[in-house]
Each structure stands twice: as C-alpha cells, then as structure tokens.
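Here the structure is laid out as structure tokens; the discussion comes afterwards.
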Amino acid sequence: MSSYTIDTSTSRATPTPAPMKRLTVPAVRARKGGEPLVMLTAYTVRMAQLLDPHCDMLLVGDSLGQVIYGLPSTIPVSLEMMCAHGAAVVRGSWHSLVIVDMPFGSYEASPAAAFASAARVMKETGAAAVKLEGGEAMAETIAFLSARGVPVMAHVGLTPQAVNQLGGYGARGRSEAEADRILKDARAVADAGCFAMVVEGVIEPIAEAITRAVACPTIGIGASAHCDGQVLVAEDMLGLFERVPRFVRRYDDMAGRISGAAERFAADVRARDFPSSEQTYAIKP
Ligand code: KIV
C-alpha cells in the first residue's frame, strides 16, 4: 500500500515510497521519433492506479462528460468537473505525466482567460500540463501559456468541442482544402510551443504529413500508425460500451463481465445464497 503526499517542489502527488519517477514534459517532448508514446484517458483514482504503470501519459479528457456523466457531448463539461477528476488521477498515479483537458468555454475568449483557467487546473489538481483544442486560432494562447509556465498539449483534426460547427464526429481532411487547413493548424500550434499534440480523426496521409512537419510528438487517435504515440479512451479499449468506433481495438469485454457479475450476484441474493457464513460477522468466541 502506498500513501500519497504532495511533493511541494513539483506540486505533484507522489506516493511514499516512490516506486518510480514521474515523466516530465521535456522527457515526453524528447521522445519525438523514438519509442512510441502511450497515453490512455483516466478519470478516477482507481483507474489511474491500474493504468499508470503501463502508460507514459494519463489524459484526464473532457470525454468524461459522456463516459462518466452521460452527457451528450463535451460541451457541458465544467472546469469544476475537470479539477475534481484531475486531482483524483494525480492522486492515483506516480509514473505517468498527467494532462488535464481544458473544457469548452474555459480558454477560448482570450489568452488571459486561458491562463486563469489553466492556473486553477494546475493548482487544484497537481497536474503538470493542460490540453486544449484548436489550431491557428489557439496559437497565440498556446504561446502565452507556454511562456508562463503552463505546458500545453494541443489537439488538432477532429476537435470534439467544435462538434456543433463540424456537424458530427466524422474523420477530417478528406478534401484538399480541409487537409491543408489541418496541416496549417498543426504547424501553428507546434510553432506556438505546444510540447505535444493530439491528432484526432484524420485520414492517414495527413497524420503522416503532420508528424513529419512538426518538432513535437504527435499522439494519434483515429489517425493511423504514423503518429509518435497513440491514445484511446480507456473505457473504449476495455469494452465498456457496445458501440466500438472503427479506430478502437477492444482489449477486454468489461461490459459483458460486469453484467455477468451483477447477474450472478442477483441470482445469489434471490436464492439466499449470499451472504454465506464466510461473509457474515459472528459473535467472537
Ligand atoms: O477528451 C478526450 O478523451 C480526448 C482524447 C480522446 C484525445 O481528448
């Protein structure tokens, strides 16, 4: 059992004794073109503990809106939700770099607004970096944050917070104009100083072109094997949902296993087979 304390020099929660050192932003950046980077989403302390030893980065994604809260999109997700889940994931991890998504409405208005939101996220969670969606339009904000001690992971291609503008979650970059736009976006956020970028839902040649064009690592989701790393929503790869997007490989059938366990529990209770003497407190002799 590890007990977690805040390391005041880094503001990161670390267990005592520390089993291994937490990855840093420069260490992740230095992995460009090297061993592929592994990132999974995590929203809770227990999932963080289980995923952390296998990952380089844990992303507290605003996908928690749909996965945890049953919301129809990421649009309603609040800064409060991101801070609460971000803090839980930092408490549950010691090895991975933890990155917290900036929710819709918390950063777009101005670089100063973005800094206030990012500072709150970093203070309240102990996470070392934030992620925000957008290309050229966000370049000034990324430069502003990066110059003020906030490492930024960018997110280009399919940007789910723009679902109302995009009209859905289909793969991006099928037309030449859209492909050029996405490549320009990637170049702009890289030049602005992001330490890594998520490339989501783009056709293979765009992912390849972006990865070749930018100096920071690209982390793909539905963006082919050409990226410097890969990310998935953990619940997708664990098989917690019936619907499996094309870009997901399922590594388990958690939905089936949870449902099966609940079915067996219900049967045992109804048959008065649970609890048995093994699960019952008896009078001490
Ligand atoms: O919110 C999220 O989980 C994400 C990943 C899918 C990249 O942004």
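The values are calculated or read from the model by the stated rules, or taken from the named source; none is laboratory data. Given the structure is predicted, the values throughout are model-derived calculations rather than measurements. Cβ atoms come from the backbone with ideal geometry, glycine included; neighbour counts cover every protein chain shown. When the accessible area is computed, the model is the full protein with side chains, heavy atoms only, and any ligands, DNA or RNA have been set aside. Shrake-Rupley method; radii C 1.70, N 1.55, O 1.52, S 1.80 Å.
Among the residues of region 52-81, those identified as within 13 Å of the ligand (Cβ to nearest atom) and open to solvent by 20 Å² or more (accessible area, probe 1.4 Å) are Ser63, Gln66, Val67, Ile68, Tyr69, Leu71, Ile75, Met81. Of the listed requirements (1) more than 16 Å from the ligand (Cβ to nearest atom); (2) within 12 Å of Glu136 (Cα to Cα); (3) crowded, with 23+ Cβ neighbours inside 10 Å; (4) not charged (D, E, K, R), Gly173 misses just one: (2).
The criterion of at least 1 residues that are under 29 Å from Asp52 (Cα atoms), charged (D, E, K, R) and under 19 Å from the mean Cα position of the chain (by Cα) is met, among helices (runs of 4 or more DSSP H) falling completely within region 73-176, by 79-91, 111-125.
Pairs are defined by a Cβ separation below 7 Å, a sequence spacing of at least 6 or placement on different chains, a first member in region 227-251 that is surrounded by fewer than 16 Cβ atoms within 10 Å (Cβ to Cβ), and a second member that is modelled with pLDDT under 95; the pairs so defined are Arg250/Val244.
Filter region 90-116 down to residues that are in contact with a Phe, Trp or Tyr (Cβ under 7 Å, 6 or more places away or on another chain) and within 16 Å of the ligand (Cβ to nearest atom), then give me how many there are. Write out each step before concluding.
Taking region 90-116 as the starting set, the residues that turn out to be in contact with a Phe, Trp or Tyr (Cβ under 7 Å, 6 or more places away or on another chain) are 91, 111, 113-115.
Next cut, within 16 Å of the ligand (Cβ to nearest atom) only: none.
Result for region 90-116: 0.
Looking only at region 207-226, residues that are touching a residue at least 60 places away in the same chain (Cβ under 8 Å) and on the phi > 0 side of the Ramachandran plot come to 1 in all.
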